[in-house]
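Here the structure comes first, spelled out in structure tokens, and everything after it is commentary.
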Amino acid sequence: PFFFVFVRVDNRAVNGRSTQSFINEQKWASVLETLKAGDFVFIQFGHNDEKLEKPEVGTSLGEYQSNLVKYIKETRGKKANPILLTPIARRNFVNGVLVGTHKGYPDVVRKLADSLHIPLIDMERKTEKLLTKLGYEPSKNLFNYVDSGHVNYPNGKKDDTHLSQEGAKSLASLVVDGI
């Protein structure tokens with residue numbers, strides 16, 4: 001027998017936000033307003049929390065942890081289900097070897113998932129494995145690499161953080177595997 005499950009996805013992600021700026025801009029409050037018992041909340045931050053040189057965005061590891069705990073407690077307070085995700089790996093090869101850029105931020109997520117018994121999808125490790133398998137040149141296809149003359153990037157773009165459409169689909173499948 002086949003079973004069909006209909007799932008409504010309400011993506012509230014906003015580019016360039018950290019755990020703190022998402023709270024400060026009332027983005028989290030708008031999530032909480034509509035959250036219902038039984039909902040699943042996928043919580044993934046880190047890329048922008050690392051930007052300590054930008055005080056309106058960056059958070060220390062301690063602040064990052066406190067903010068994640070707030071998200072978890074408030075999600076559970078609504079009888080909804082938090083799921084933590086580490087940030088994805090950046091495409092950062094040094095002498096042919098993928099090198100991490102996230103400092104201790106993914107470890108904070110892993111430790112919280114373990115200590116608070118929260119499901120974890122370790123996207124950093126999943127993407128590290130994928131990027132390493134692909135290697136330096138082929139992994140560019142997953143990221144925003146476009147030649148000059150592109151309609152959105154007339155001068156071209158070489159971006160090792162943000163994904164191409166192919167990359168978004170590939171990494172979405174890693175999340176599905178994690179689920």
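The values are calculated or read from the model by the stated rules, or taken from the named source; none is laboratory data. These numbers come from a predicted model, not from an experiment. Because the Cβ atoms are built from the backbone with ideal geometry, glycine has one as well, and the counts that use them run over all protein chains shown. Each accessible area value is taken on the protein alone, full model and side chains, heavy atoms only, with ligands, DNA and RNA left out. Shrake-Rupley method; radii C 1.70, N 1.55, O 1.52, S 1.80 Å.
Take every pair of alpha-carbon atoms less than 8 Å apart whose residues are at least six positions apart; their mean separation over the length of segment 1-147 yields a relative contact order of 22 percent. Sorted largest first by accessible area at a 1.4 angstrom probe radius, with every protein chain in place, the residues F22, F40 fall in the order F40, F22. Taken per residue, the accessible surface of the chain reaches 62 Å², heavy atoms only and a 1.4 Å probe.
Report the net charge of residues surrounding S139, where surrounding means a beta-carbon distance below 14 angstrom and charges are Lys +1, Arg +1, Asp -1, Glu -1. Spell out each step's value before the answer.
Working: positive: R90, R91, K126, K129, K133, K140, K158; negative: E128, E137, D159, D160, E166.
So the surrounding residues net to +2.
The simple Förster model, with R0 at 30 Å and r as the Cβ-Cβ distance, assigns T161 and F2 a FRET efficiency of 0.15.
Length gained on full extension, V97 to D10, computed as 0.36 nm times the residue gap minus the Cα-Cα distance: 27.7 nm.
Here the accessible area is traced with a 1.4 Å probe on the protein chains. For segment 10-89, carbon and sulfur cover 51 percent of it. Computed 3J(HN,Hα) for segment 22-32, one whole-Hz value per residue from the Karplus formula 6.51 cos²θ - 1.76 cosθ + 1.60 where θ = phi - 60°, is 5, 6, 4, 8, 6, 5, 5, 4, 6, 5, 4, glycine and proline marked x.
For V69 and F40, calculate 0.36 nm times their separation in residues minus their Cα-Cα distance, and state this gained length in nm to one decimal. Write out the running numbers ahead of the final one.
Values: separation 29, 0.36 × 29 = 10.44 nm, distance 1.59 nm.
Here the segment from V69 to F40 would lengthen by 8.9 nm.
With a threshold of 19 Å on the Cα-Cα distance, the over-threshold entries among K36/K79; K54/K126; K129/K158; K78/K111 are K54/K126; K129/K158; K78/K111.
Using a probe radius of 1.4 angstrom, the carbon and sulfur fraction of the accessible surface of segment 96-179 is 53%. Here segment 97-133 is scanned for amide nitrogen atoms under 14 Å from the site 7 Å beyond the Cα of N81 along Cα-to-Cβ, giving 118-121.
Under 5 Å between amide hydrogens, built in the peptide plane, is the criterion, and for I121 it picks out L84, L85, T86 among residues at least 5 positions away or on other chains. Annotation: peptides 45-52, 149-156, ranked by per-residue average of other Cβ atoms within 10 Å with the highest first, follow the order 45-52, 149-156.
Using R0 = 35 Å, the C-beta based FRET efficiency linking L61 and D147 works out to 0.35.
The stretch between R125 and K111 holds 3.6 nm of extra length on full extension. This uses 0.36 nm per residue minus the Cα-Cα distance.
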